[in-house]
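To start, the structure itself, in C-alpha cells.
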Amino acid sequence: MKDAVNLYGYKIEILFGYKFNRGSHIFTDLVNKYYNIKLQAKSLGEYSKYITAKLIMNSLYGRFGMKPIKNIVKIVGKDESDKIHLHHNVIDNVLLNDQLEYIKYSSQINDLFYDLHGLID
C-alpha cells in the first residue's frame, strides 16, 4: 500500500483496523520446535515432513489471525433492508428492482444501535 500511495499517487481510505499489543511469547517454543524440524527435513530431503512442519506453523498463525467479524450477503426486501441498516454496518447495497435489494453487511451490531437503546455506557 505504501508503494501505491508513494509511487503511483493512490489515495487510500482506511475504514477500520486492529491494534495488537505485544503479549507474552506463549508459542515461541512451539514455533521454534517446528521451525527446526522444517529446516532439518529440508536439508535431508524429507519433503513430507518439511511440508507438515510448515503447515503446522502456518495453521497456528492463521487460527490466531482470523477475523471474528464476518460479512453477510443477502437479497432482501425493503423491510428487512431497513432493519439491517439500523442494526449493522452496511458495506454495499444495490437496488435490484422495486422489491429486492442486494445487501452486504457486517455481522457485528453497529455502535449506533447500542447508543440508541442505551446499551453502551
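Is one or more of the residues making up region 4-18 among the acidic types (Asp, Glu), surrounded by fewer than 14 Cβ atoms within 10 Å (Cβ to Cβ), under 20 Å from the mean Cα position of the chain (by Cα) and more than 30 Å from Gln99 (Cα to Cα)? Yes: one or more hits.
Residue check: is Asn21 assigned to a loop (DSSP other than H, G, I, E, B) and polar (S, T, N, Q)? Considered against the rule, which asks whether it is assigned to a loop (DSSP other than H, G, I, E, B) and polar (S, T, N, Q), Asn21 comes out as yes. Among the residues of region 57-114, write down those that are modelled with pLDDT of 90 or more and either β-branched (Val, Ile, Thr) or touching a Pro at 6+ places or on another chain (Cβ under 6 Å) (or both). Listed by number, the residues that qualify are Ile72, Val73, Ile75, Val76, Ile84, Val90, Ile91, Val94, Ile103. Just one of the listed residues (Ile91, Ile51, Ile84, Ile75) is in a helix (DSSP H, G or I), in contact (Cβ under 8 Å) with a residue 12 or more places away in the chain and hydrophobic (A, V, I, L, M, F, W, C), namely Ile84.
The values are calculated or read from the model by the stated rules, or taken from the named source; none is laboratory data. Nothing here was measured: the structure is a model prediction, and the numbers come from that model. Note that we place each Cβ from the backbone using ideal geometry, even for glycine, and neighbour counts take in every protein chain shown.
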